[in-house]
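Any read-out appearing in this document is the output of simple, stated calculations on the displayed coordinates, not a laboratory observation. As the structure is a computational prediction, the values presented were derived from the model and not from experiment. Neighbour counts run over all protein chains shown; Cβ positions are idealised from the backbone, glycine included.
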Amino acid sequence: MSKGNDAHIKRPMNAFMVWSSGQRKKMAHENPKMHNSEISKRLGAAWKLLAETDKRPFMDEAKRLRSVHMKEHPDYKYRPRRKAKNLKKDKMALPA
């Protein structure tokens, strides 16, 4: 995905992404040397431990974002792109 591709439409954030965006900034600020992968693991674990009542505002916000996204992009359909297969094995084989 290149930065110059204006045609790309991002998916709306789900409840976890809405919650984690603020939490990630706070955790990164409190732990500047912590790798992003470790922050992600901790955020995922913390999200799982949250009660449904604590998650509700983020679920509501995600629902609102989804409806705004649908209004702005009525023809949008999520189409995941498959990653290219690693051709390393083919490059190593020599023709007979």
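Would you work out if segment 26-91 is rounded, prolate or oblate? Take a ≥ b ≥ c from the square roots of the eigenvalues of the alpha-carbon gyration tensor; rounded if a/c is under 1.5, else prolate when a/b is larger than b/c, oblate otherwise. Let's see the in-between values first.
Numbers: a/c = 2.54, a/b = 1.12, b/c = 2.26.
It comes out oblate by the Cα gyration axes.
Cβ-Cβ distance of SER21 and ARG79, R₀ of 22 Å, FRET efficiency by 1/(1 + (r/R0)^6): the value works out to about 0.35. Measuring against 28 Å, Cα to Cα, the residue pairs LYS26/LYS63; LYS26/LYS48; LYS55/LYS77; LYS10/LYS48; LYS26/LYS85; LYS26/LYS77 contain LYS26/LYS85; LYS26/LYS77 as the ones spanning a longer distance.
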